[in-house]
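Reading through the structure tokens given below for one structure.
The values are calculated or read from the model by the stated rules, or taken from the named source; none is laboratory data. Only a predicted model underlies this, so the values are computations on that prediction, with no experimental measurement involved. Cβ placement follows ideal geometry from the backbone for every residue including glycine, while neighbour counts extend to all protein chains displayed.
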Amino acid sequence: MPHMQHSHCTDRHPTQKCAENTGNRRFKLRQAWRKSRRRTPVNDRPRSPLLGWRSALNLLWTMLLTLPALGAPPCEQLLTVQLTDAHIEQAQYVDTPAPHCKATGLIGGKIGFSIWLPSPEHWNRHFLMGGAGGFVREEDNHALQFAGQDVLARGYVTASSDTGHRGEGLDNSWALNDWEAIVNYGHLGMHRTVVTSKEVIAQYYGARPTKSFFIGCSNGGRQALHEAQRYPQDFDGIIAGAPALDFTGVTASFLNVTKHLYPSADAPFISTISAQDRQLLRSGIVAQCDGLDGVQDGIVQNPNACRFDITTLGCSHRGSKPCLSDEQLKAIQSIYTGPRDTQGRPLHQGFPFGAEDIDQNGWGTWLTDGLSPGDPSQITTAAYAFGVNFMRHFVYHDPSWRHVDFNADTFDKDTKAISAIVDATDPNLSAFRAQGGKLLLFHGWSDAALSANMTSDYVRRVYETDATAQNDVRLFMLPGVLHCSGGPGPWLVNWVQTLEDWHASGVAPNELSAGFADQSGTRKLCAWPLNARLAEGDENTSEAYRCE
């Protein structure tokens, strides 16, 4: 991306003047063309032996409209916008997946952001902000990931934020002894990017967006809930998928699982649970609970309704059959019950049944086998990477801290300060709802990264805080779906269109139809706490199910 000279408007009211220049460029071209037509004597008008004067001018005007530098505010003009404690560093025209301008800039000297702007004639007057996953990498835009690459073709302006640091999704070493970076990551960096993006939109198009929406999953879902709770005026509607809303609780869960599966402080690090053990566990769960929704399809519709007893797989019950040792049963139980202190008090929700036998994005990646299994010199599970690094760089600021040092009895006290910054657990959404805000949540039941019980428990507390919140807050649980997407369950839903329709009509969605990624057919999704059950008809059509 080439670097371009930065210039400034010098009028007395630069912001207003720049906006006027931006919004009126094409209008002035059209007016000049019309004026030249009125003043040209009939006998002096140009004639073309092929097209005639009118066709020639129409052709010229069409050519002007197709040139991004003439028919629309040129992308370079983004370099002249006047922003509050921010500036655009680069801007360029991009023709795929749809013609647009892309600009990158810096807020407060540290927060990097990118913004994608369709041509003015294609802008739908809406802004769709994208969240970012993990510990955030540059240009991780969930609007482009989870709403589809046609976001720009559909006319949305979209933006992303690195929340104030440079790194990859699992790296958070930038947080070590840097509380400003932590606050920016926690919530402030995203909010400042939203405010700045709206300033860019106003000056580039000469108008502010009529609707502003947000979509994010995982950490992006946590960012979404921070927006609803801390900055209720930022968005008209928010989509929060599998939100890591209780970030410190998730950390406790990751450390609890890691400590049980890798009890040794020294290498070799060999997981207590093998892939074969996971397959045995999953087969027992499916055998007992698969058909609870009236369909035998390998998908447990509502895992919390499954009453499978994992001790029946213990060696004392199985004889010569494949079985699980007491140590293995204890490790598995730690996943389902969640972390607890020595008094039995829970620090976080346990995982529901799901994804036990799945490697990629299932138990294998997140909990038991690691991102690169087979290396006994290090623990490479995502749970270890997130949990240990969070304690090292966010909580204790001690790079030598180890997973075996996890102390459930002091965890809440040790994480109290950081919890106030990163956790998005406030169930009072009255300010967001008062200005017409709609919150749409979804979570895969088989998510092995973030417990689906965390999200349903949050929505339960929202409803308990104010029963009328059901008009503005809806959660859809996705059976058989992994973290954010994937898995054997149906997860293809147009969440943005669902939110748009809800906000426009005021009618909250009770049922949705979801497609599969690798097979035909659809299934019904029911607004929590209801679940779909086969009534009659083709089991591969959502119409055959009812919510109960």
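Screening the candidates Tyr204, Tyr185 for the property of being in a helix (DSSP H, G or I), among the aromatic types (Phe, Trp, Tyr) and within 19 Å of Val395 (Cβ to Cβ) yields one hit, Tyr185.
Filtered by the rule that a residue be of a type outside the set (Gly, Ala, Ser), modelled with pLDDT of 95 or more and closer than 18 Å to Lys102 by Cβ, region 127-138 gives Phe127, Leu128, Met129. Residues in region 398-429 that are assigned to a helix (DSSP H, G or I) and either charged (D, E, K, R) or under 18 Å from Leu245 (Cα atoms) (or both): Asp405, Phe411, Asp412, Lys413, Asp414, Lys416, Ala417, Ile418, Ser419, Ala420, Ile421, Val422. With respect to Arg282, is the statement that it is more than 30 Å from Arg460 (Cβ to Cβ) and basic (Lys, Arg) true? No: the conditions fail for Arg282. Does at least one position in region 478-488 carry a residue that is at pLDDT below 95, in contact with a helix residue (DSSP H, G or I) (Cβ under 8 Å, 6 or more places away or on another chain) and either part of a loop (DSSP other than H, G, I, E, B) or closer than 17 Å to Phe442 by Cβ (or both)? No, every residue in region 478-488 fails to be at pLDDT below 95, in contact with a helix residue (DSSP H, G or I) (Cβ under 8 Å, 6 or more places away or on another chain) and either part of a loop (DSSP other than H, G, I, E, B) or closer than 17 Å to Phe442 by Cβ (or both). Count of region 430-446 residues, restricted to those that are over 16 Å from Leu499 (Cα atoms) and either assigned to a helix (DSSP H, G or I) or at pLDDT below 95 (or both), is 3.
I need the full set of residues from region 110-121 which are modelled with pLDDT under 95 and not polar (S, T, N, Q), in order please. Answer for region 110-121, where residues must be modelled with pLDDT under 95 and not polar (S, T, N, Q): Pro120, Glu121. Of the helices (runs of 4 or more DSSP H) lying entirely inside region 275-377, those containing at least 3 residues that are touching a residue at least 40 places away in the same chain (Cβ under 8 Å) are 275-289, 326-337.
Scanning region 81-98 for residues that are in contact (Cβ under 8 Å) with a residue 60 or more places away in the chain and either part of a loop (DSSP other than H, G, I, E, B) or aromatic (Phe, Trp, Tyr) (or both) yields Val81, Gln82, Thr84. Using the structure shown, decide if Ala287 is of a type in the set (A, V, I, L, M, F, W, C), exposed (fewer than 14 other Cβ atoms within 10 Å of the Cβ) and at negative phi. When the stated conditions are applied, Ala287 passes them. Contact annotation: residue pairs with Cβ atoms under 6 Å, 6 or more positions apart or on different chains, pairing a residue in region 186-204 that is farther than 17 Å from Val157 by Cβ with a partner that is among the polar types (S, T, N, Q) and buried (at least 23 other Cβ atoms within 10 Å of the Cβ), are Gly189/Ser161; Gly189/Thr163.
Look through region 166-180, keep the residues that are acidic (Asp, Glu) and touching a residue at least 60 places away in the same chain (Cβ under 8 Å), and return whichever of them is surrounded by the fewest Cβ atoms within 10 Å (Cβ to Cβ). Restricting to residues being acidic (Asp, Glu) and touching a residue at least 60 places away in the same chain (Cβ under 8 Å), the top hit is Glu180. Residues that are of a type in the set (Asp, Glu) and touching a residue at least 12 places away in the same chain (Cβ under 8 Å) within region 486-519 comprise Glu500, Glu511, listed in sequence order. When Phe269 is tested against (1) touching a Phe, Trp or Tyr at 6+ places or on another chain (Cβ under 6 Å); (2) not assigned by TED's automatic domain parsing to the domain that holds Val395, exactly one condition is not met: (2). Would you check if Gly487 is under 18 Å from the mean Cα position of the chain (by Cα) and either within 25 Å of Gly350 (Cα to Cα) or of a type outside the set (Gly, Ala, Ser) (or both)? Yes: the conditions hold for Gly487.
Of the candidates Phe235, Phe214, Phe254, the single residue that is modelled with pLDDT of 95 or more, assigned to a loop (DSSP other than H, G, I, E, B) and not acidic (Asp, Glu) is Phe235. Can you confirm whether Ala385 is within 28 Å of Ile273 (Cβ to Cβ) and not in a loop (DSSP other than H, G, I, E, B)? Spelling it out, Ala385 is indeed within 28 Å of Ile273 (Cβ to Cβ) and not in a loop (DSSP other than H, G, I, E, B). Among residues of region 536-548 that are farther than 15 Å from Ile299 by Cβ and loosely packed, with under 12 Cβ neighbours inside 10 Å, those with a beta-carbon under 7 Å from a residue that is at pLDDT 95 or above and of a type outside the set (Ser, Thr, Tyr) at least six positions away or on a different chain give the pairs Glu536/Ala544; Gly537/Glu543; Gly537/Ala544; Asp538/Ala544; Glu548/Leu530; Glu548/Asn531; Glu548/Arg533. With respect to being surrounded by fewer than 22 Cβ atoms within 10 Å (Cβ to Cβ) and either in contact with an Asp or Glu (Cβ under 6 Å, 6 or more places away or on another chain) or touching a residue at least 40 places away in the same chain (Cβ under 8 Å) (or both), Gln229 fits the description. Residues in region 60-80 that are at pLDDT 85 or above and either on the phi > 0 side of the Ramachandran plot or not in a loop (DSSP other than H, G, I, E, B) (or both): Cys75, Glu76, Gln77, Leu78, Leu79, Thr80. Considering only region 239-250, I want to know if a residue exists there that is over 16 Å from Val157 (Cα atoms), part of a loop (DSSP other than H, G, I, E, B) and among the small types (Gly, Ala, Ser). Checked region 239-250: at least one residue is over 16 Å from Val157 (Cα atoms), part of a loop (DSSP other than H, G, I, E, B) and among the small types (Gly, Ala, Ser).
No other residue among Leu367, Leu329, Leu324, Leu313 is under 26 Å from the mean Cα position of the chain (by Cα) and either assigned by TED's automatic domain parsing to the domain that holds Gln276 or modelled with pLDDT of 95 or more (or both) apart from Leu367.
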